Amino acid sequence: MLQKFRRRDLLAAAGLVLAAGAADVVRPHPASAAPAAAEADRAWDGAAAILQRVKPPTFPDRDVDITAFGAVGDGLTDCTAAIRAAIVACHDTGGGRVVVPAGRFATGAVHLLSDVNLHLTADATLEFSRDPSAYLPVVHTRYEGVELLNYSPFLYAYGQRNVAVTGAGVIDGRADAAHWWDWTGGPPPNEAPDKTLLTQLAEAGVPVAERVFGSGHFLRPNLLQLYSCENVLIEGVTVRDSPMWNIHPVLCRNVTIRSVTVDSPHGPNNDGIDPESCTDVVIENCRISTGDDCVALKAGKDADGRRVDVPCQNVVILDCEMADGNGGVTIGSETSGGIRNVFVRDCRMSSPRLERAIRIKSNPQRGGFIENVYVHRVEVGTAADAVVEMVLNYANVTTGDHHPDVHGIVLSQLHAAVAPRALNLIGNDGHPIRDIRLHACRFDQVEEADVIRNVEGLTLDQVWINGIRADHPTG
């Protein structure tokens, strides 16, 4: 993988290796070429360092077949106990692959252990139960950036090392309008009272051990969550129809997610891949279609996010395709622990139901920071709203005591073919978005004017909108 990223390629990815005589976009007021080159070196050497540092875990050459423990792939037999027994046996003998062969295996919650690679062969499907009781007892998890004890995520690991989910099979959450998704609204019971209660408990500083939800409550679990794990690999599988967020690493280090398909375009809040408060993450060659954000970087929400205070940092997103979704690559809205050092390159995004390509969202209750974000060579076919959106009034919240600090965003060689608007950039009064730079970008068939409010240091260099050069700094 690294050989694809020569030093000059990485510098060019930020739009910072310029032809002779081109404008310097590193600073709103051009300085000498040497400082600009030095800044570019620091930025994209960081991306190369992440790619070199992040390495998938390896496993002993040992296979444990779940059918040897009584699993039956008929789509009817409850295989929960058999799958769990196979994982324990594999872990206890030093690790290896727990193999799910061809078939449809019905199951409840599956908990992974250290040194175990859960491997789904071609034509293998894990079909998760629609019965909430299959995800009890409660476990330590996060719901929209707030810690609690809740229903277990369907595939879950806590505090493990060297864990993987691989193969060509399918992980099917089986959520639909009558199961899990109906908890989001409509006639009671639904999640609204529980979301309010959880927020109140977190704001009051109630210990996590006393924030017990699960049975009798309506906060949806994630499909695949790795919590406080190190050396994580998710590769090759297809995930679909999660109750909520599909793939959700939390407080993890050294995470590789590659060649994964997320096929979940119909459900509410069912983001594709959401690293939260993680360090050193590579997401590559994934195909994502969701009812919410495709890739969303997060760092805890509001008071609880500030209590935990762990950033999401050092993330590289390469060669991915995004279709349906609220955002292609999104940062936020849970920004309280801060998000930094994000590199997006060679991605393709297009759908009449893709609202935005690059999306940053937060508000004055979230706080935290977003800094050092570099986007290069992104092709957008069709977007339904602004191609690039950065808003600090998310959820129509415009006041609060915790203004996020958003600065240092570079986008280069981004091309959008059809979209209502190129830019929607809205900071807060007295707390602007700062130092946003676009280089060699083109926006075609744009119908509406940009919205730019409370932004300082916006620099457009070689930017074209409907064939008209739009270069201008604003402050």
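The values are calculated or read from the model by the stated rules, or taken from the named source; none is laboratory data. It should be emphasised that the depicted structure is a prediction, and the values quoted were computed from it without experimental measurement. Reconstructed Cβ throughout: ideal geometry from the backbone, glycine too, with neighbour counts over all protein chains shown.
Details
- The C-beta contact set for segment 171-194 (first residue closer than 21 Å to residue 262 by Cα, second residue part of a loop (DSSP other than H, G, I, E, B) and among the small types (Gly, Ala, Ser), distance under 7 angstrom, 6+ apart or interchain) comprises 173/242; 175/242; 175/267; 181/175; 181/267.
- Pick from segment 271-289, criterion part of a loop (DSSP other than H, G, I, E, B) and over 11 Å from the mean Cα position of the chain (by Cα), ranking: surrounded by the most Cβ atoms within 10 Å (Cβ to Cβ): 286
- Within segment 66-99, being in contact with a helix residue (DSSP H, G or I) (Cβ under 6 Å, 6 or more places away or on another chain) and aliphatic (A, V, I, L, M) holds for 66, 71, 82, 83, 85, 86, 98.
- Top-ranked residue of segment 128-157 - restricted to ones that are of a type outside the set (Gly, Ala, Ser), within 20 Å of the chain's Cα centre (by Cα) and part of a loop (DSSP other than H, G, I, E, B), ranked as surrounded by the fewest Cβ atoms within 10 Å (Cβ to Cβ): 144
- Within segment 125-182, the residues that satisfy the criterion of being polar (S, T, N, Q) and closer than 30 Å to residue 58 by Cβ are 125, 141, 152, 160, 162, 166.
- Test: residue 165 is within 30 Å of residue 261 (Cβ to Cβ) and of a type in the set (A, V, I, L, M): yes
- Filtering segment 368-388 to residues that are within 23 Å of residue 145 (Cβ to Cβ) and crowded, with 24+ Cβ neighbours inside 10 Å leaves 368, 370, 373.
- Among the residues making up segment 351-366, those that are surrounded by fewer than 24 Cβ atoms within 10 Å (Cβ to Cβ) and either in contact (Cβ under 8 Å) with a residue 60 or more places away in the chain or not in a loop (DSSP other than H, G, I, E, B) (or both) are 351, 353, 355, 364, 365.
- Within segment 166-216, the set of residues being of a type in the set (Val, Ile, Thr), touching a Gly at 6+ places or on another chain (Cβ under 9 Å) and closer than 30 Å to residue 73 by Cβ comprises 166 only.
To keep it simple, each residue is scored yes or no on (1) in contact with a Phe, Trp or Tyr (Cβ under 6 Å, 6 or more places away or on another chain); (2) assigned to a helix (DSSP H, G or I); (3) modelled with pLDDT of 95 or more.
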site	(1), (2), (3)
9	no, yes, no
18	no, no, no
41	no, yes, no
67	no, yes, yes
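- Condition check for residue 61: over 18 Å from residue 226 (Cβ atoms), part of a helix (DSSP H, G or I) and either more than 25 Å from the chain's Cα centre (by Cα) or among the charged types (D, E, K, R) (or both): no
- Residue selected from segment 158-211 under the condition in a loop (DSSP other than H, G, I, E, B) and of a type in the set (Lys, Arg), by the criterion surrounded by the most Cβ atoms within 10 Å (Cβ to Cβ): 211
- Entry remark, segment 249-283: residues being hydroxyl-bearing (Ser, Thr, Tyr) and either farther than 30 Å from residue 182 by Cβ or without any contact (Cβ under 8 Å) to a residue 24 or more places away in the chain (or both) number 3 in total.
- Residue 238 vs. criteria at pLDDT 95 or above, surrounded by fewer than 24 Cβ atoms within 10 Å (Cβ to Cβ), over 23 Å from residue 372 (Cα atoms) and among the β-branched types (Val, Ile, Thr): yes
- Residue match in segment 140-150 (condition: in contact with a Phe, Trp or Tyr (Cβ under 9 Å, 6 or more places away or on another chain) and closer than 25 Å to residue 73 by Cβ): no
- Some residue of segment 333-342 being part of a loop (DSSP other than H, G, I, E, B) and of a type in the set (Val, Ile, Thr): yes
- Residue in segment 395-402 that is surrounded by fewer than 19 Cβ atoms within 10 Å (Cβ to Cβ), farther than 30 Å from residue 319 by Cβ and among the hydroxyl-bearing types (Ser, Thr, Tyr) present: yes
- Some residue of segment 157-167 being in contact with a helix residue (DSSP H, G or I) (Cβ under 8 Å, 6 or more places away or on another chain), modelled with pLDDT of 95 or more and either polar (S, T, N, Q) or closer than 16 Å to residue 128 by Cβ (or both): no
- All positions within segment 114-127 that are crowded, with 20+ Cβ neighbours inside 10 Å and not in a strand (DSSP E or B): 115
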